[in-house]
Amino acid sequence: MKKSIFLKRLLSVSLAAIVSLHLLTSCGNGEKNTQDETSGYTIDNIREYVVGVDEKVELEDGSKRAIINFDNAATTPALQPVSDEVEAQMKMYGSIGRGFSKKSDYSTDLYNNTRSKVLQFVGADEENYTCFYVNNTTDGLNKL
């Protein structure tokens with residue numbers, strides 16, 4: 001019987017989740033799994049890669065201040081390379097598993113390929129493990 005690995009599905013079954021995995025694991029082009037794209041991130045420079053990290057919001061007194069995100073566990077800000085890849089893939093985005101078009105086929109294939117790529121990314125072989133996506137931790141535990 002296969003053991004299960006579950007990941008919180010980002011933004012339901014959205015393009016952002018698929019492209020994030022695509023970007024991290026090179027699932028779309030058959031490249032070997034490397035971390036070259038993330039190896040430059042350090043504690044000293046990570047802020048420059050976070051989308052909207054210095055975005056200012058208006059306070060009740062009319063002044064503006066950069067926000068502090070205390071909700072990273074539930075809603076982690078996107079990294080700029082992920083945002084760039086989402087933008088690049090938008091032209092081919094289609095419904096996943098529900099359409100009969102080239103765009104739907106492209107998105108469905110990309111989504112389906114992420115399961116094996118996630119397993120590769122965490123060092124789990126497909127003979128002993130499987131990957132499935134869930135809406136949240138409670139949903140994942142209920143599926144187990």
The listed residue being aliphatic (A, V, I, L, M), surrounded by 14 or more Cβ atoms within 10 Å (Cβ to Cβ) and either part of a loop (DSSP other than H, G, I, E, B) or modelled with pLDDT of 90 or more (or both), out of Leu119, Leu110 | Leu119
In segment 87-107, which residues are at positive phi and either assigned to a helix (DSSP H, G or I) or in contact (Cβ under 8 Å) with a residue 40 or more places away in the chain (or both)?
-> none
Can you tell me which residues in segment 49-70 are touching a residue at least 12 places away in the same chain (Cβ under 8 Å) and among the charged types (D, E, K, R)?
-> Asp54, Glu55
Go through segment 55-96 and give me each residue that's β-branched (Val, Ile, Thr), surrounded by 13 or more Cβ atoms within 10 Å (Cβ to Cβ) and under 21 Å from Thr42 (Cα atoms).
-> Val82
Restricted to segment 97-107 and to residues being at pLDDT 90 or above and not basic (Lys, Arg), the residue surrounded by the fewest Cβ atoms within 10 Å (Cβ to Cβ) is Ser101
So which residues in segment 122-131 are under 19 Å from the mean Cα position of the chain (by Cα) and surrounded by 13 or more Cβ atoms within 10 Å (Cβ to Cβ)?
-> Ala124, Thr130, Cys131
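The values are calculated or read from the model by the stated rules, or taken from the named source; none is laboratory data. Remember, predicted model here, so these are calculated numbers, not experimental data. As a convention, Cβ positions derive from the backbone with ideal geometry for all residues, glycine included, and neighbour counts pool all protein chains shown.
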